[in-house]
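*Asks:* My questions all concern the structure below.
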Amino acid sequence: MEQKKVTVPDIQRMKAAGERITMVTAYDCPFARLLDEAGVDILLVGDSLGMVVQGQDTTLPVTLDEMIYHTRMVARGRKRALVLGDLPFGSYQTSPQQAVESAVRLVKEGGAEAVKLEGGTAMMRTIEAIASIDVPVVGHVGLTPQSVHRMGGHRVQGRRSGHAPGERERVLDDARAVQAAGACAVVLECIPLDLAAEITAALAIPTIGIGAGAHCDGQVLVLHDLLGLSTDWTPRFAKRYAELGREVVRAAGAYVQEVKGGLFPTEAQAFAPRAARAG
Ligand code: KIV
């Protein structure tokens, strides 16, 4: 039976009903289909694609055109899940007008149903501007990878008390600001679990955590971490639910051996010669 499409109001109802929200990153059509079939509520076309797909050290080089390209592939592959597209670095920070134009492109050309941007208090006017044209906006506070140079690396935020960027009360203020500006949900990345619990209790909008403990309204994982697609490293907060990286190396290695050893292809994979015409 076809399942009901997930919408932005559904996500907000889930918080009210105490139903946990699931989000996973997706970057292309085949994985969007599989994650949708698995029942994931939100497919996030994250600018993490800069690191896990493009092989860059940070998310900063990712362009809006690249985000639109990947969002379009994901939107084509899903039937039920909500498609959320990231606004990449440089596509919304200049002015609210620039942000609106970028969000419109992600919706119109990419098929996103909501957009996500990083930052709290400083992004209030930007969130208001995007929300005012009825494009749902998801905020992102705590560790914001587009601020990697200010943070001095991808580091846990909110451990120390204070109102300076990266300090505990500032993360709380940022989450409140994002809600006040009209965001429909907020991602909390790499903050202590008690801070995430405090924010989740303080906000009416859903919180989606990554490295933020179990008290958030939902969880998000990067696809490559969830599937174990790298053969070496996994962030401490992530969980590998499969070892597909090792499986890819095993399968491709078996193929190499069989081709070199003359074992593939066999007759079963070959086409018979055309039958000679009678007469
Ligand atoms: O880009 C991304 O994948 C993200 C998640 C880590 C939340 O923003």
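*Asks:* With the crude spin-label approximation of a point 7 Å out along Cα→Cβ, what separation in nm comes out for A268 versus E169?
*Replies:* Output for this residue pair reads 7.0 nm.
*Asks:* Whole number please: convex hull volume per residue, Cα atoms of segment 1-114, in Å³.
*Replies:* 112
*Asks:* Separate question: Out of L44, V6, A16, whose Cα points farthest toward the positive end of the dipole of segment 1-46 (charges: +1 Lys, Arg; -1 Asp, Glu; placed on Cβ)?
*Replies:* Checking the options against the dipole of segment 1-46, the answer is A16.
*Asks:* Across bins of 5 angstrom width beginning at 0, how are the C-alpha pair distances of the chain distributed, in whole percent?
*Replies:* Here the calculated profile for the chain is 1, 6, 12, 16, 18, 16, 11, 6, 4, 3, 3, 2, 2, 1, 1, 0, 0, 0, 0.
*Asks:* Need one value: the accessible area of T234 in square angstrom, 1.4 angstrom probe, rounded to the nearest 10.
*Replies:* Estimated to the nearest 10 Å², T234 gives 40 Å².
*Asks:* State the extension gain, in nm to one decimal, for the chain segment bounded by E258 and T234, taking 0.36 nm per residue of separation less the distance between their alpha-carbons.
*Replies:* Contour length minus the Cα-Cα distance gives 5.5 nm.
*Asks:* Report the Rg/Rh value for segment 126-268, based on alpha-carbon coordinates and the Kirkwood definition of Rh.
*Replies:* Working: Rg = 21.1 Å, Rh = 17.6 Å.
My calculation puts Rg/Rh at 1.20.
*Asks:* Enumerate the amide H contacts of D86 below 5 Å, restricted to partners 5 or more residues apart or on another chain; note that Pro and chain-start residues carry no placed amide H.
*Replies:* The list, which skips near neighbours in sequence, is V45, D47, K116.
*Asks:* With the chain treated as a Gaussian network of Cα nodes joined by springs under 10 Å, which of A38, A183, A26 yields the largest mean-square fluctuation?
*Replies:* A38
*Asks:* Moving on to the next point. Kirkwood hydrodynamic radius for segment 69-154: how many Å is it when counted over pairs of different Cα atoms?
*Replies:* Every distinct Cα pair counted, the radius reaches 13.3 Å.
*Asks:* Summing -39500 (n - 2.57) over the DSSP H runs of n ≥ 4 in the chain and dividing by its residue number, what mean residue ellipticity at 222 nm do you reach, to the nearest 500 deg cm²/dmol?
*Replies:* Roughly -11500 deg cm²/dmol at 222 nm, from the helical runs in the chain.
*Asks:* What trypsin sites (Lys or Arg not before Pro) in segment 214-262 are in a loop by DSSP, with at most 16 other Cβ atoms within 10 Å of the Cβ?
*Replies:* For trypsin sites (Lys or Arg not before Pro) across segment 214-262 that sit outside H, G, I, E and B with at most 16 neighbouring Cβ atoms in 10 Å, the list reads R236, K239, R240.
*Asks:* Counting only the backbone N, which residues of segment 58-94 are under 19 Å from the spot 7 Å out from the Cα of L34 toward its beta-carbon?
*Replies:* Answer for this model: 70-82.
*Asks:* Can you give me the solvent accessible area of C29 with a 1.4 Å probe, rounded to the nearest 10 Å²?
*Replies:* 30
*Asks:* How much accessible area does H70 have with a 1.4 Å probe, in Å² rounded to the nearest 10?
*Replies:* That residue has around 20 Å² of solvent-accessible surface.
*Asks:* Oh, and also: Contour minus end-to-end for A17 and A242, with contour as 0.36 nm per residue of separation and end-to-end as the Cα-Cα distance?
*Replies:* Stretched out fully, the A17 to A242 stretch lengthens by 78.0 nm.
*Asks:* Rounded, prolate or oblate: which fits segment 181-223, taking a ≥ b ≥ c as square roots of the Cα gyration tensor eigenvalues, rounded meaning a/c under 1.5, else prolate when a/b beats b/c?
*Replies:* Since a/c reaches 1.5 but b/c is at least a/b, the shape of segment 181-223 is classed as oblate.
*Asks:* Straight-line reach from K5: which lysines fall under 23 Å, measuring Cα to Cα and dropping same-chain residues less than 8 apart?
*Replies:* Reachable lysines: K15, K79, K108, K116.
*Asks:* Sticking with this one: What is the extension gain from I133 to S95, computed as 0.36 nm multiplied by their sequence separation minus the C-alpha to C-alpha distance, in nm to one decimal?
*Replies:* 12.1 nm
The values are calculated or read from the model by the stated rules, or taken from the named source; none is laboratory data. What you see is a predicted model, and the numbers here were worked out from it, not measured in a lab. Backbone-built Cβ (ideal geometry, glycine too); neighbour counts: all protein chains shown. Surface areas here come from the heavy atoms of the whole protein model, side chains and all, with no ligands, DNA or RNA. Shrake-Rupley method; radii C 1.70, N 1.55, O 1.52, S 1.80 Å.
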